[in-house]
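To keep things clear, I will list the structure first and then write my remarks on it.
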There are 2 protein chains.
Amino acid sequence: MPGLAARLRAIVGDDGVIDHPDTLAVYECDGYTLERAVPEVVVLPRTPAEVPPVLRVLWDAGVAFVPRGAGTGLSGGTLPVAAPVMVCTSRLNRIEHVDLPNRRVVAQAGVVNQWISNAVRAAGLFYAPDPSSQPACTIGGNVAENSGGPHTLKYGVTTNHVLGVELVLPDGEVVQLGGPVEERPGLDLVGLVVGCEGTFGVVTRATLRLVRAPEGYRTLLAVFESVAAASEAVSGIIASGILPAALEMMDSLILGAVEAAYRIGLPTDAGAVLLVELDGQAAGLDPQMAEVEAVCRRHGVRELRLARDEAERAALWKGRKRAFGAVGRLAPNYCTQDGVVPRTKVPDILRVIAAAAERHRLRIGNVFHAGDGNIHPIILYDERDPDQVERVLAAGREILEACVALGGSVTGEHGIGVEKIRELGLLFGPDDLRAMMRLRAAFDPEQRANPHKVFPDARVCVETRAPRRQAPM
Amino acid sequence: MPGLAARLRAIVGDDGVIDHPDTLAVYECDGYTLERAVPEVVVLPRTPAEVPPVLRVLWDAGVAFVPRGAGTGLSGGTLPVAAPVMVCTSRLNRIEHVDLPNRRVVAQAGVVNQWISNAVRAAGLFYAPDPSSQPACTIGGNVAENSGGPHTLKYGVTTNHVLGVELVLPDGEVVQLGGPVEERPGLDLVGLVVGCEGTFGVVTRATLRLVRAPEGYRTLLAVFESVAAASEAVSGIIASGILPAALEMMDSLILGAVEAAYRIGLPTDAGAVLLVELDGQAAGLDPQMAEVEAVCRRHGVRELRLARDEAERAALWKGRKRAFGAVGRLAPNYCTQDGVVPRTKVPDILRVIAAAAERHRLRIGNVFHAGDGNIHPIILYDERDPDQVERVLAAGREILEACVALGGSVTGEHGIGVEKIRELGLLFGPDDLRAMMRLRAAFDPEQRANPHKVFPDARVCVETRAPRRQAPM
């Protein structure tokens, strides 16, 4: 596409267009590595103002595109399927406005999630959604995926923290959605765009809500002999009326991997650990933590380790947040599944996962947001063995079917992307899906923005699952 | 429309169709009384299953309809404008399913908001959104208007508490949106339908999230000499890091009205009072309230009255929640405006309101969610005087224009309805509004569901403001 690349270079500069095969290989997948596809052209606008002309060039050329942030998504949302051009927002990296008294910031799409909290920490504020990829993932990607994180139990997911967005539609039209205050009058298009996985166009800016940093934290590691006992403690803590800021579980496979990688002193012989964090006004923290500990004891906890200072707290969180990376040492590849069940069904879904691992001869670790019922089985495999890949896909599908059967959903926080197009149909009937597709068509009747994602009309994708493929034209 | 009424009676029974003029007059307005219009037929389905055939009859007859719950809305959302038939959900009044361990209920659209909390109180749970009309308003109306209430400061508005809805589209198709868990995979149609003001069809059921009732409350009445001092105390409380469950302000006009009506001992000579409620774990409440009181003292509070028991707390809330009713004693009519500004701009908007009252020779009281920046000027008038009506409209418009100029929005929680169609254009440009209208058209291209509401294409409405009118055919 030499003509197209030249027109794009005229807008974004020579270094803003990548079309050399060696460099393009970097963009062949995101955090979902079971499928890959290389784009023909990657374009990196330098400012939000460059995005509308870029999209107009693509529109006029009749070319579809896929938006991409940092590429840390876990469901293949940025895989270039039937979209030869990738529009990458990573150079839109300015925090444009910080309004401390009203607790909000305006950030360009390529601003890294962690930078927001860094920028307002001195004022005692933070940006609450904290996916594990927080040091790398960008606000634009968070908006596209409606990202969660360990602290969603108390603070909610991205959609609860986005007040407004600037969206460039596929034809280059710019719309301002939502606004500077909490209320979203008229139709809630912000809520629709948050989580649309790039199917409505490119988000270039977002107005984000800041939250006051709590006075203090208490962070507890509770060690259990079994996943079942830990699960029951989770139910007990929630039933006690305490709302932890985070309530995470790691099983023995994960503990072993994290400990091998970081040596933070985790008990590798335990069945499971809970990481329980309370935050809030200093006065209430100790009595609440005493109650959490009492609940854990009632459920046969083996050991309770309260972080004594910020360093110990940071070490525990480092173990949790880098668990995915640590697992990389155990096998050539891994696939992080993502589902959710009603909180009371966590023990049931964990049994399903164990059974799926045995039946498909796979190793599966569990590290997840237990308080939300949001599971993350990590399935280890070797992509060089096609039979293993098939077994990973089969096990994943069984687990998600069980999530739905237990009253849950096929994705907790990772999105549909290419990974779960088929599974979306487990949850919604044809009429429900048609309603979603009508909405998508209202903005993008020709499916120019991230085609063949999310919706089950994406036959190209569903029927050609393969470990590696080219973007079809 | 005798033929139509007969077909509707065949579905919903003889007592489910109202077409006698005397009875129809009951439906000529909702809580927004500045404009009125009488429907030709009101139809009241007995079950959710009767709604699709009712809508199909209307669809086949080419007749537009307006959905209505309890009629407590404050922006004329249920005014039958260009919609001769009203579909009233008040007989869909069953709570169908209560799932205490997973904290959710499935309620039909006509269930009264308060009934949900009543049904789960014994289990220590409640349904958080609590508009002042809570004892009368219904879940379907709350969903349509994305209703707020005094406790939204801590708990959020309706959209934060709706997990799923059953929606009947104008052609009678039934779609299930969202689901039983927090995550909404695919496009967030629940978020779009919540707050759509009935423009997508009729919601027949909703799955609602329950919240654990706090261990305790502390409720404080803080009496100030001036609205300005009270406003500064509000900023001080928020800045202290305490998140009250509610933080309400009432000015002297409102205090006088409430006291005259209910005699609960409010200081009628004060400039303003704050009603501050803390809730949560019992241990933290007293230290937090001590800090709230200290902030109030720093801002010159005249008197602090802490409710000593549940009876005193209930009396304070009764005064606040029935303030609107009490104002009814002061003038033949009143219009409750609704806008929102960034919290730091509350003193500015209060000055604007005072100036508008003086310029237009109107009495305006203020009772509002100060913690959210969500203002509710109550404008007193006499609808028999057309000049006064014009002045009310002019003052309202000036106040809303000022909200936007101060970085806020034209509606805090009451919606657009017929009242604010013109004002929506203050907030959104033509492209932004077109994006909303595209979405609406995706579901209802012929505008059969609540036509001429929300969007500024509703010329019929905008150009014929009059105190009383017939629904045009």
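Each value in this text was obtained by applying a stated rule to the coordinates, not by laboratory testing. All of these numbers come straight from a predicted model, not from anything done at the bench. Backbone-built Cβ (ideal geometry, glycine too); neighbour counts: all protein chains shown.
Tabulated data for the structure shown
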| quantity | calculated |
| --- | --- |
| Given charges at Cβ of Lys, Arg, Asp, Glu: the protein assembly as shown dipole, positive-most of A:ASN450, B:PRO347, A:ALA356 | B:PRO347 |
| Chain B, helix-only ellipticity at 222 nm - DSSP H runs n ≥ 4, -39,500 (n - 2.57), divided by all residues, nearest 500 | -10500 deg cm²/dmol |
| Size descriptor, Kirkwood hydrodynamic radius, that averages inverse alpha-carbon separations across the stretch A:183-258, Å | 17.1 |
| Copy-to-copy label separations for B:GLY216, where each label sits 7 Å from Cα toward Cβ, in nm and ascending | 1.8 |
| Debye log10 I(q)/I(0) at q = 0.13 Å⁻¹ for the stretch A:116-264, Cα point scatterers | -0.75 |
| Among B:LEU304, A:VAL203, A:PRO180 - extreme Cα towards positive end, dipole of the protein assembly as shown, charges at beta-carbon | B:LEU304 |
| Percentage, to the nearest whole number, of Cα pairs in the stretch B:269-380 over 17 Å apart | 65 |
| Simple Cβ-charge dipole of the protein assembly as shown, Lys/Arg +1 and Asp/Glu -1, about Cα centre, in debye nearest 20 | 460 |
| Hull volume in cubic angstrom per residue (convex hull over the Cα atoms of the stretch A:200-344) | 166 |
| Added length on full extension, which subtracts the Cα-Cα distance from 0.36 nm per residue, B:HIS20 to B:ALA314 | 101.7 nm |
| Taking all pairs of distinct alpha-carbon atoms in the stretch A:80-199, Kirkwood radius in angstrom | 15.0 |
| Rg over Rh, two decimals, the stretch B:175-225 (C-alpha only, Kirkwood Rh) | 1.22 |
| Rh (Kirkwood; distinct C-alpha pairs) - the stretch B:330-413, Å | 12.5 |
| Shielding by other protein chains, B:70-83, mean Cβ within 10 Å | 0 |
| Dipole magnitude (debye, nearest 20) for the stretch B:156-248, charges at Cβ of Lys, Arg, Asp, Glu | 280 |
| Test item: A:56-64 mean partner chain Cβ contacts at 10 Å | 0 |
| Charge dipole of the stretch A:64-169 about the Cα centre (unit charges at C-beta), most positive-ward option of A:LEU167, A:GLY77, A:ILE95 | A:ILE95 |
| Within chain A: Cβ-based charge dipole about Cα centre, in debye rounded to nearest 20 (Lys, Arg +1; Asp, Glu -1) | 300 |
| Total formal charge among the other residues, if their Cβ is under 9 angstrom from that of A:VAL175, Lys/Arg +1 and Asp/Glu -1 | -3 |
| Nearest-ten-degree value, helix A:282-298 long axis tilted from longest Cα axis of chain A | 70 |
| Across the identical copies, how the B:ASP286 labels are spaced - nm, sorted shortest first, 7 Å along Cα→Cβ | 1.5 |
| Normalised contact order of chain A, rounded percent, pairs of Cα under 8 Å and 6 or more residues apart | 17 |
| Averaged over B:277-284, number of beta-carbon atoms from partner chains that fall within 10 Å | 5 |
| With Cα atoms, 0 to 90° folded angle of helix B:386-405 axis to chain B main axis | 70 |
| Likely footprinting exposure, B:LYS420, B:LYS154, fewest C-beta neighbours within 10 Å first | B:LYS154, B:LYS420 |
| Convex hull per residue volume in Å³, alpha carbons only, for the stretch B:1-119 | 115 |
| Residue order, fewest to most beta carbons within 10 Å, for A:ARG329, B:ARG9 | A:ARG329, B:ARG9 |
| Local net charge near B:PRO267, Cβ-Cβ under 14 Å (Lys/Arg +1, Asp/Glu -1) | -2 |
| Neighbour-count ranking [beta-carbon atoms within 10 angstrom, fewest first] of B:MET1, A:MET250 | B:MET1, A:MET250 |
| Whole-number percent relative contact order across the stretch A:416-460, with pairs defined as alpha carbons under 8 Å at least 6 apart | 58 |
| Euclidean distance of C-alpha centroids, the stretch B:320-392 and the stretch A:302-350, integer Å | 52 |
| Spatial separation of Cα centroids for the stretch B:35-77 and the stretch B:1-34, in angstrom | 9 |
| Folded to 0 to 90 degrees: helix A:310-321 orientation relative to chain A principal axis, Cα | 60 |
| Per-q log10 I(q)/I(0), the protein assembly as shown, q = 0.07 Å⁻¹ (Debye; single scatterer per alpha-carbon; no solvent) | -0.58 |
| For the stretch A:87-215: relative contact order, % (alpha-carbon pairs under 8 angstrom, 6 or more apart) | 29 |
| Nm distances between copies for A:ARG361, ranked from closest, using label points 7 Å along Cα→Cβ | 9.3 |
| Environment charge of A:ALA229, counting only residues whose C-beta is closer than 13 Å and scoring Lys/Arg +1, Asp/Glu -1 | -1 |
| Distant alpha-carbon pairs in chain B (separation over 31 angstrom), percent | 43 |
